[in-house]
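Since the structure comes first, as structure tokens, the remarks are kept for the end.
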Amino acid sequence: MRNLKVTIAYRGTAYHGFQRQNNAVTVQEVLERALSKVLNEPVTVTGCSRTDTGVHANMFCLNVKTSSSIGCLGFCRGVNGELPDDISVLSCEDAPEDFHARFDCKGKEYIYKIHCSESKNPFAADLMLHYRRKFDIEAARRAAQYFVGTHDFSSFCADCTNVSTTVRTIYSFRIEKSGDSVIMLVKGNGFLYNMIRIIAGTLLDVSEKRIAPDDIPAILAAKDRLKAGRTAMAHGLYLNRVFYSEEELQKEN
């Protein structure tokens, strides 16, 4: 059996996340259907992450085991020909037999996109959070730096019951602004359920002066979800990069 390492990108608007579900359409279901047709055998893919309903991915890694001898270029072309326009195969390569897209992942980078304007952007309705207030980027940047490092992120987790530890390490947190667009980029070794969306929502509260930038250490120390801010909407969130080496993960952007 070959073990293929595959990267894809998808627009999550029409899907209830990546992972297969019994009562909703997911990226995994649609992808497995296309792969099974091209490889001429039933297959199950292993994804690097779950991603929630409406969340997008610029880079999502998975592995699939197959007895097919199809070349990687033919694989990409064939699968893309079977996929809808909102899912795309970016690359394919043969990987070691024991490669596992989830367990071998060293870290990820997420981005959160905000359109800051009184007027909505008709080209980004399901791709960016529409925020009608002025965004205080300097206050948000001051607050964001408190997240960098190794911390217990219980206060920024919607459901921590099924994780062995709520401690995570954030390697970098940048906030960039261009015109009406604000983008938050967060890179770390792992993320809890809704962690980035709660962090983004908390920084919106910082911008609105509901939370002070210097309140973040106390919120982290509280280990209480009620102390943090709102949960930002899913459609502004993207899995941006996936890292399989410590060197790449910790390298400066």
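Things worth noting here:
- Here the relative contact order of the chain, from alpha carbon pairs under 8 Å that lie six or more residues apart, stands at 23 percent.
- Size descriptors for the chain: radius of gyration and Dmax over Cα atoms are 19.1, 59 Å.
- Remark: the chain carries a charge dipole of roughly 520 debye about the Cα centre, counting +1 on each Lys and Arg Cβ and -1 on each Asp and Glu Cβ.
- Debye, to nearest 20: dipole size of segment 2-95, +1 on Lys, Arg Cβ, -1 on Asp, Glu Cβ: 120
- Cross-link reach list, aspartates and glutamates versus Lys251, counting only Cα pairs under 16 Å and skipping chain neighbours closer than eight places: Glu109
- Shown is the FRET efficiency for Thr161 and Ala24, computed with R0 = 25 Å from the Cβ-Cβ distance and rounded to the nearest 0.05: 0.70.
- Across segment 107-250, the mean sequence separation of Cα contacts (distance under 8 Å, 6 or more residues apart), normalised by length, yields a relative contact order of 36 percent.
- Counting only aspartates and glutamates at least 8 places from Lys227 when in the same chain, those with an alpha carbon closer than 18 Å to its own are Asp152, Asp159, Asp205, Glu208, Asp214, Asp215.
- Over 23 Å (Cα to Cα) - which of Lys5/Lys106; Lys187/Lys223; Lys177/Lys223 fall in this group: Lys177/Lys223
- Rounded Å value of the spacing that divides the Cα centres of segment 41-91 and segment 163-232: 30
Any read-out appearing in this document is the output of simple, stated calculations on the displayed coordinates, not a laboratory observation. Here the structure is a predicted model, which means the values were calculated and not measured. Cβ coordinates were reconstructed from backbone atoms using ideal geometry, including for glycine residues, and neighbour counts include every protein chain displayed.
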